[in-house]
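A.B. asks: Let me give you the structure first, and then I'll get to my questions.
The values are calculated or read from the model by the stated rules, or taken from the named source; none is laboratory data. Just so we're clear, the structure is a prediction, and the values are computed from it rather than from any experiment. A quick note on method: Cβ atoms are made from the backbone with ideal geometry, for glycine too, and the neighbour counts reach across all protein chains shown. Just so you know, the surface numbers come from the protein's heavy atoms only, side chains and all, with ligands and any DNA or RNA stripped out. Shrake-Rupley method; radii C 1.70, N 1.55, O 1.52, S 1.80 Å.
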Amino acid sequence: MLTFFCVLLGAIIFEYSNGFHDAANAIATVVSTRVLTPRKAIAMAAFFNLTGALFGGAVASTIGKGLVDTNVVSMTTVLSAVIAAFTWNITTWWFGLPSSSSHALIGGLCGAALAAANGNWSVIKWNAGVWPKVVVPMITSPFAGFIFGALLMFLLFVALHRFTPHLVHSLFGKLQIFSAAWMAHSHGTNDAQKTMGIITLALFTGTQGGSFEHLPAWLSFLKTPVFVLPKWVIVLCAVTMAVGTAAGGWRIIRTLGHRMVKLQPVHGFAAETTAALIIQGASYYGIPLSTTHVISTSIMGVGAVKRFSGMRWTVVERIIWAWVFTLPASGLIGYALERVLAAR
């Protein structure tokens with residue numbers, strides 16, 4: 001039981017860090033274009049992250065039972081995965097890099113499961129889970145964000161070229177509030193689900209292993225004989241992410257909203273709308289997408305159409321390297337932690 005409560009605490013801390021680490025996903029553009037003040041933008045993002053987190057469960061099921069063989073998973077495996085993800089989150093946040101919290105959690109889980117199975121790679125569901133729902137989207141979603149962001153921006157340029165800059169700025173200053181809210185909602189439908197899946201995996205593992213057999217009656221809600229998201233887990237993760245989002249993530253907000261390219265409301269609207277569409281579609285099919293990858297490349301695509309030479313490609317290069325290293329780095333941390341915890 002003590003290990004489970006450590007897992008629960010670790011998951012809550014990770015979800016909180018996910019909120020402030022990925023707050024920039026929804027509000028970087030709306031803050032940089034001065035459509036909303038930082039305080040109002042964070043409050044809006046927190047609320048809509050909450051509403052998004054309360055819907056759906058396909059992504060949680062993918063994380064909890066679609067990536068690794070649950071037969072080798074123990075409480076220490078889940079704890080190792082959560083600590084590994086949190087460690088990578090904090091590291092990249094410190095350097096202001098918008099890396100993927102999703103891929104950090106997935107990498108940590110796969111690395112920890114591999115260690116629990118003594119290096120048996122067959123415990124990772126490569127063909128049914130990791131390849132089609134993690135690796136392929138990891139490659140295709142940034143391209144989709146860049147291409148569709150650039151396309152939408154180009155179409156807006158064509159449609160609005162006869163309007164005065166003042167009218168365009170005023171119109172999209174209002175529309176960007178809606179696109180930022182949608183982006184925050186879609187972020188909640190995808191990112192909050194991942195921690196829900198991890199906690200449910202711990203509950204399912206504990207129930208199967210008999211850890212909850214002698215619990216007092218008031219703790220019977222912890223028993224989860226079938227992998228189904230408990231309502232209290234959904235609410236807990238949704239509220240925790242909203243609180244984390246309210247804390248903000250100013251280092252990453254500066255990177256996305258200011259350092260890559262200078263944005264105006266019309267550009268922010270195009271980037272947020274593109275990213276929200278892609279993320280919402282992925283959530284429907286249970287794909288644990290990196291919302292960070294999608295919004296970052298959507299901003300890149302919009303910025304490239306605005307003025308290709310205006311993009312700060314050295315910043316982009318640093319972001320891409322953070323993406324490349326997230327899965328293997330968090331996987332190695334998860335592997336090492338599981339070895340240490342299992343040996344105790």
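A.B. asks: For the chain, what is the accessible area per residue in Å², given a 1.4 Å probe and the full set of protein chains?
C.D. replies: With the other protein chains kept in place, the chain gives 42 Å² per residue.
A.B. asks: Another one. Which log10 I(q)/I(0) values does the range 136-192 give at q = 0.18 Å⁻¹ under the Debye formula, counting every alpha carbon as one identical point scatterer?
C.D. replies: Each listed q maps to, in turn, -0.83.
A.B. asks: Excluding residue 282 itself, what net charge comes from residues whose Cβ is under 13 Å from its Cβ, given Lys and Arg +1 and Asp and Glu -1?
C.D. replies: +1
A.B. asks: Pairs of Cα atoms under 8 Å, at least six residues apart: use those to get the relative contact order of the range 1-120, whole percent.
C.D. replies: Relative contact order for the range 1-120 comes out at 34 percent.
A.B. asks: So between residue 336 and residue 34, what do we pick up on full extension, going 0.36 nm a residue minus the alpha carbon distance?
C.D. replies: Contour length minus Cα-Cα distance gives 104.3 nm.
A.B. asks: Taking Rh as the Kirkwood radius computed over C-alpha pairs, what is the Stokes-Einstein D of the range 73-118 at 25 °C in a medium of viscosity 0.890 mPa s, expressed in µm² per second?
C.D. replies: Reported coefficient: 231 µm²/s.
A.B. asks: With +1 on the Cβ of every Lys and Arg and -1 on the Cβ of every Asp and Glu, and nothing else charged, how large is the dipole of the chain about its Cα centre, in debye rounded to the nearest 20?
C.D. replies: So the dipole magnitude of the chain works out to roughly 900 debye.
A.B. asks: While we're on this one: Can you tell me the relative contact order of the chain? Whole percent, Cα pairs under 8 Å, sequence separation 6 or more.
C.D. replies: The value is 39 percent.
A.B. asks: List the equivalent ellipsoid semi-axes of the range 82-163 in whole Å, largest first, each obtained as the square root of 5λ for an eigenvalue λ of the Cα gyration tensor.
C.D. replies: Calculated on Cα positions only, the semi-axes equal 37, 18, 6 Å.
A.B. asks: Taking only the Cα atoms of the chain, how large is their convex hull per residue, in Å³?
C.D. replies: Taking the convex hull of the Cα positions in the chain, it is 112 Å³ per residue.
A.B. asks: Could I ask something else about it? Residue-wise, which Karplus ³J(HN,Hα) couplings in Hz belong to the range 165-170, taking 6.51 cos²θ - 1.76 cosθ + 1.60, θ = phi - 60°, and x for glycine or proline?
C.D. replies: Each residue of the range 165-170 in turn: x, 5, 5, 4, 5, 5 Hz.
A.B. asks: Sequence-distant or interchain residues sharing an amide H contact under 5 Å with residue 68, placed H: which?
C.D. replies: Close amide H contacts, sequence-distant or interchain: 125.
A.B. asks: For a quick protection proxy, order the peptides 294-301, 336-343 by their average other-Cβ count within 10 Å, most packed first.
C.D. replies: 294-301, 336-343
A.B. asks: Also, quick follow-up: How far is helix 75-94 tilted off the main Cα axis of the chain, in degrees rounded to 10, range 0 to 90?
C.D. replies: With both axes taken from Cα atoms, the answer is about 30 degrees.
A.B. asks: With no solvent and one point on each alpha carbon, what is the Debye value of log10 I(q)/I(0) for the range 167-252 at q = 0.17, 0.20, 0.26 Å⁻¹?
C.D. replies: Scattering profile of the range 167-252, log10 relative to I(0): -0.81, -0.96, -1.22.
A.B. asks: How large a share of the accessible area of the chain, in percent, is made up of carbon and sulfur atoms when the probe is 1.4 Å and the other protein chains stay in place?
C.D. replies: Result for the chain: 70 percent of the exposed heavy-atom area is carbon or sulfur.
A.B. asks: Can you tally the lysine pairs in the chain where the Cα-Cα distance is under 22 Å and the two residues are eight or more apart, or on different chains?
C.D. replies: 16
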